[in-house]
Amino acid sequence: MTCLYTFNILSLSDLQFHCKSEIRVTLYLLKSLMNRILIFLFCMILSGQCFSQEITDYWSLPYNPPKQVVIDKSKVEVIYEHLAIDPVLDTFDPDNCLILQTGDFYSKFWEYEYFRSDSALAAYGHEKLDRRMAHNIHKQYEHSHRYGYPKFIIKDYKENKIKEKYYVSGFYVFSEDTPTISWELTEEMDSICGYPCIKAHADFCGRKWDAWFTNDIPLSDGPFRFQGLPGLILKMESEDKEHRLTAISIRNGHNDIYEEKTDDYKTTRERCRKLYENFQLNPAGTIDISNIKQADGSDPRSHMQTRLFYNPIELE
Amino acid sequence: MRFLLLFIFLCALQGQVQAQQNVTGKVTDAQGAPLPRAVLKAYSLTSATKIIAYALTDSKGDYELKLPQGTTQANVNCSYMGFESQTVKIAIGTRKDFRLKESNQQLKEVVVKAPSMRSHGDTLTYNVAQFKSGADRTLLDVIKKLPGITVETTGTIRYQNEPINKFYIEDMDMLGGRYNLATNNINPDDIASINVYENHQAQKVLKDFVMSDKAALNIKLKANRKSIPLGNLMLGAGWGDHMNYMAELFSMLIAANRQQITTAKTNDFGKSYALEMTDYLQENAGIKTMVSSAFGTESAGTADVPENRFNDNHSYAFSNNALYRISNDDQLRVNLSYMQQRSHFEQNSQIHYNGMSSLEHREDNHRKGTQHQVGITGQYERNAQSVYLRNQFQLKADLLRNEQQLETNNGNVNQHQRMDSYGLTNTLNLTTRRGNHMFQFYSLVSLSNSPKGFMEAEMEGANPLLQNMKGANFYTREQTSFTRVLNTYWHTGVQMRLEANYDWVKTNLDEYQPQLNAENQVQGYKADLRMAPFLEYKSGNRLEATLTVPVYYKAQRYTDKIEHLTFADNRPYLEANVDVSYKPAAGSSLNIMAGLSQTYGDMKSFIKNPVFLSYRMQQIWGSGKLSEGKMFMISPRYSYRNALLGNFLSISGQYIHGKNNLMTVSDVDASKESSTLVARDNTSNQWTGRLSASKKLMDLGMTLKLDGSSTYLMSNMMRQQMAYQTRNMIYSVRGEIINDYFQNKLHSDLAVTYTGRALKMTTNTLENKQTIENWTGSMRVSYTPTDALEFYANAYMYWTGQEKGAFKRANYLDGGIRWKRKNVEWELALKNLTDSRTYETHTYVGTDAYRYIYHLRPLEGLLSVKFKL
């Protein structure tokens, strides 16, 4: 079980930034003699790398985050709380916060905790940190990976494109034209965060949505891929009540909007959706752990939860 | 025909196209640069709110508004973030360009989820900075203000109406149940946040496996307050009836692998340290001999006014608590405590005994009590993912002396009471989990002894009384359980428990009273074997249901050494319990517990001769017949919280229906009050309801709290050979408003409590109904013009009355000034500014009406200086 844990923790939280450590993890996992020979050959090829690994402690290496490219400056920042229910597992996702940073030409929608830990790391100065310190700062913000939802959504209003980045033991990115959502305005009004809001309705990717937008903030933007209303969306609710997004904080923006340059796999929305569905519905199936046995001889996969939380925003 | 259809279709299309009349144009800034993503909205002329069409500008700043059919004119609004918006009336089909002026107007910033509270799954975090004010001295002052949390006057901390089950400092349990040692002393400035862990399961092994409906509290220190010694030393001198003193030392060190709290305190300013020394979790119930709690430690009766108003005291307390983290999972804990409390109370009491011939008894009581309490606890705990192991060793000593001079309607009495008790407890707890199997073992061994206890009374015109009582107890509980996970939803298993109790009691009245046969010497054991198979259903985090059907086998054997009688009883019996928890949505939960159970008496049923607890209170604990009963209980509970909006609500109820084969007989005459038990069927019904709601108004920074409770008890008793049905009802409502005004310079806390008590006694021929109403109000106002200075005033009112409008009123006022400079804090506290010297209260105890008059401490002042580390 320890092996499995190590694998999970490393692969799911840190590995994306530190490809080198994959070697260490692999070393740890493959224990049979046959594999050792293979590793030996593998090591021969990558001997230079391996030697440097042996003498340096991984955690004391300098913190080397992906490069951040500033694309815009945020004008308005909205923090949304997202409540989601998985009707099959019959559980709800603990309330998560997401931030929308919207500027003149770009907007970025991502996890608020991630935004906070990134800001904290930037405040310390990346060059002053080693990996252990960076990891501890990440941990302070209870930074948890939310599977089943994109890591970043960047809306490019110049080119009218939307770029989404997902993570399943690697970054998957796709870009497509901003979808046109045919909103139906109603005369219903409500107050959200003290802003008068008008209710609108739309069918989007297999769900019926109600959105509340405000005239007082003339920015046509919203959470996830939603936009196209004559004001900022402050609340969204799916008709089946499986998703609810509510603004909990609205502020004047002053932060840079940046894009992280990671090694991405280019893909399409359909393939990305399928990849995710596979992973969430059968997480054990995506990892090759056939060489690992439990202490009592059983297959570790039998102890793994068969299905993870899965209820995407878009059903089609 | 086809062409005709096509023609018609094209005509129709034509109409549509024509109906879509457009407004086009360009949006630029004052310099003429295009503004992309500007918002254009068209409103109908008749309504200022109905949007009939809207559009956004493209990257060149161009827009095209498509208006619906039939519109000839519309009000078009053009807006862009950071620019002034414009609205103009436009005729359809025209072109309109907008040139917008930049504005400096900033967005109205809102934070609904103020950083004051955050929830993340089952963890709720209160940001202390958002709740703290300059008027708060201790962490408890802040905890009292938190919505969702109630602190009772007895010191118990409740979250959503349920007492908390653990108290952590930085996720380490140093104090066990004596959490007020931390909350009463820690400076709130050192604390960053307070967490509530809902459904807290302390054992990591049982996480996600055995749910708990109780919550734990965790306090987190500010990063720069960790690993350094914190604390304060306070010295004070004052005057009142005589010179007063107060000296208190508190020190604390919270580091990653070590925690320590030391206190040493003394005062004669009315302050009791009992709150800090009480174990509120009572994992193992301490001293258990049958005579150890025969005498009270406090004043007679319960008062609404706090004890520090009438307690003429000398109090000393010392405690040392240390926790060492040996490894990530292993901890070692040692707690030492000593408390000495010398109290002097002056009281008048008057008891009105209800019944066929109502009697009254009066006494003036001068009471000097001394209590010594010593406690030593050592604990090793290993809390790992796969195993939980804990061994706790506890030693306790409790020495009590009371000296009373009483003036009664029957003459003067000198009365002494003494009780010495010692207890030793060892608890071992082991839980292991391997795959789908779980094994639990719990063992508790406790030895208690009360080697010396007596009550001695010298009465005018009567023989003196000397009642001796001694007791010893050995108690052990061994418990083990096996659980098997059937699948994701179903668990099953069995719990086995063996409880064994050996008791020994000896009481005798001294030879001064030879006419009374009043010697008891009874000893014996009770063993109780419980096998409880259970079935548990768990669906995600939402629904959980458990059915337990315990089978018991009880064996008891008691011997009366005086009468050479032996009583033995062996029997099996069955009980049933259902527990269902359901979470309808995030933050809300519903829980229903119901059970059928049997109750059997213990050795007390065979202590048949009277025991004098005071010069006039004579009790016969048993009738020589084992008490037997059946009980049905159901208790639903609903709680809801939304940290986002600051709303907390909890409603709970309980209904208990009981049947017993014994009935209490209370007989009263001019010289004594006796209670005994007779064999007679007795049915009782009890309804209890509790409500607790609180709201934090985020924009105003105001906290509102409302608590209500009611109890209705219907039972039967006998007095003077007459059976009565008695109904007791207590209902109380408390409302509290906490607010800060003028940029947090003025703080106020206003609370009002109403308590009503009703008593009804009925026989076939007679009905007696009485009510007492109490109003209690308190107002605390504190003004902090600068961070260094505080002026405060506390006003209290206590009104009590038996008839509507005829209230006995008592009002008190306290006040003071506090001045801080660097690490030194000076304070002048004035108590009882109105110099009220008496306080009267009325209450019901069972069927009888009690009236107490307390003699209060005078107007007094204390000048103190506090050095902070």
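The values are calculated or read from the model by the stated rules, or taken from the named source; none is laboratory data. As the structure is a prediction and not an experimental result, all values here were calculated from the model. All Cβ positions, glycine included, derive from the backbone under ideal geometry; neighbour counts span all protein chains shown.
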Across region B:555-570, which residue is farthest from the other protein chains (Cβ to nearest Cβ) among those that are over 18 Å from residue B:473 (Cβ atoms) and either in contact with a Lys or Arg (Cβ under 6 Å, 6 or more places away or on another chain) or of a type in the set (Ser, Thr, Tyr) (or both)? B:566
Taking region B:755-781 and keeping only residues that are under 27 Å from the mean Cα position of the chain (by Cα), over 14 Å from residue B:845 (Cα atoms) and either of a type in the set (A, V, I, L, M, F, W, C) or crowded, with 17+ Cβ neighbours inside 10 Å (or both), one is left with B:755, B:773, B:774, B:775, B:776, B:779, B:780, B:781
Total residues in region A:149-159, condition within 26 Å of residue A:199 (Cβ to Cβ) and either within 14 Å of another protein chain (Cβ to nearest Cβ) or surrounded by fewer than 19 Cβ atoms within 10 Å (Cβ to Cβ) (or both): 2
What are the residues in region A:194-226 that are within 9 Å of chain B (Cβ to nearest Cβ) and in a loop (DSSP other than H, G, I, E, B), if any? A:194, A:215, A:216, A:217, A:218, A:219, A:220, A:221
Residues of region B:522-578 being part of a loop (DSSP other than H, G, I, E, B), surrounded by fewer than 16 Cβ atoms within 10 Å (Cβ to Cβ) and touching a residue at least 40 places away in the same chain (Cβ under 8 Å), which ones? B:561, B:562
Residues that are surrounded by 14 or more Cβ atoms within 10 Å (Cβ to Cβ) and at pLDDT below 85: find the helices (runs of 4 or more DSSP H) completely inside region A:21-138 holding 3 or more of those. A:21-29, A:33-45, A:112-124
Of the residues that make up region B:820-828, is at least one closer than 30 Å to residue B:726 by Cβ and either in a strand (DSSP E or B) or within 30 Å of the chain's Cα centre (by Cα) (or both)? no
For the list (1) at positive phi; (2) surrounded by fewer than 16 Cβ atoms within 10 Å (Cβ to Cβ), I need the number of the one condition that residue B:255 fails. (1)
Every residue from region B:120-132 that is within 14 Å of chain A (Cβ to nearest Cβ) and not in a strand (DSSP E or B): B:121, B:122
One residue is enough: does region B:144-159 have a residue meeting the conditions out of contact with any His (no Cβ under 7 Å at 6 or more places or on another chain), in contact (Cβ under 8 Å) with a residue 12 or more places away in the chain, of a type in the set (Ser, Thr, Tyr) and within 14 Å of chain A (Cβ to nearest Cβ)? no
Being assigned to a strand (DSSP E or B), modelled with pLDDT under 95 and more than 30 Å from residue B:616 (Cβ to Cβ) narrows it down to one of B:683, B:688, B:676, so name that one. B:683
Test each condition in (1) buried (at least 19 other Cβ atoms within 10 Å of the Cβ); (2) touching a Gly at 6+ places or on another chain (Cβ under 6 Å); (3) among the aliphatic types (A, V, I, L, M) for residue B:752 and report the one that comes out false. (1)
Residues to consider are B:135, B:42, B:48; find the one that is assigned to a loop (DSSP other than H, G, I, E, B), within 13 Å of chain A (Cβ to nearest Cβ) and at negative phi. B:48
Within region A:234-251, the residues that are within 13 Å of chain B (Cβ to nearest Cβ), of a type in the set (A, V, I, L, M) and closer than 18 Å to residue A:184 by Cα are A:234
Say whether the condition of being charged (D, E, K, R), surrounded by fewer than 18 Cβ atoms within 10 Å (Cβ to Cβ) and touching a residue at least 60 places away in the same chain (Cβ under 8 Å) is met by at least one residue in region B:396-410. no
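For region B:57-76, give me each residue that is in a strand (DSSP E or B) and touching a Phe, Trp or Tyr at 6+ places or on another chain (Cβ under 7 Å).
Hits for region B:57-76 are B:74, B:75.
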Restricting attention to region B:30-38, does a residue exist that is more than 10 Å from chain A (Cβ to nearest Cβ) and touching a residue at least 60 places away in the same chain (Cβ under 8 Å)? yes
Among the residues that make up region B:657-673, is at least one of them charged (D, E, K, R) and outside any strand (DSSP E or B)? yes
Quick check on region B:141-187: of everything there that is assigned to a strand (DSSP E or B) and not hydrophobic (A, V, I, L, M, F, W, C), which residue is surrounded by the fewest Cβ atoms within 10 Å (Cβ to Cβ)? B:163
Just to be sure before I move on: is residue B:101 among the basic types (Lys, Arg), away from chain A (no Cβ under 14 Å) and surrounded by fewer than 14 Cβ atoms within 10 Å (Cβ to Cβ) in the structure I sent? yes
Restricting region B:583-629 to residues that are part of a strand (DSSP E or B) and within 14 Å of chain A (Cβ to nearest Cβ), the residue that is farthest from residue B:520 (Cα to Cα): B:588
Residues satisfying the stated conditions in region B:59-85, i.e. surrounded by fewer than 17 Cβ atoms within 10 Å (Cβ to Cβ) and closer than 25 Å to residue A:75 by Cβ: B:59, B:60, B:62, B:64, B:84
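Do you know which residues across region B:691-728 are in a strand (DSSP E or B), within 24 Å of residue B:660 (Cβ to Cβ) and in contact (Cβ under 8 Å) with a residue 40 or more places away in the chain?
B:716, B:717, B:718, B:719, B:722, B:723, B:724, B:726, B:728
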Residue B:869 versus (1) of a type outside the set (Lys, Arg); (2) in contact with an Asp or Glu (Cβ under 7 Å, 6 or more places away or on another chain); (3) at pLDDT below 85: which is the lone unmet condition? (2)
Can you tell which of B:349, B:292 is part of a loop (DSSP other than H, G, I, E, B) and within 26 Å of residue B:614 (Cα to Cα)? B:292
Hits in region A:188-203 (condition: in contact with a Lys or Arg (Cβ under 6 Å, 6 or more places away or on another chain) and not aliphatic (A, V, I, L, M)): A:188
Please go through region B:644-678 and pick out each residue that is touching a Leu at 6+ places or on another chain (Cβ under 6 Å) and not β-branched (Val, Ile, Thr). B:662, B:677
Some residue of region A:170-193 being within 12 Å of another protein chain (Cβ to nearest Cβ), among the acidic types (Asp, Glu) and within 29 Å of residue B:645 (Cα to Cα): yes
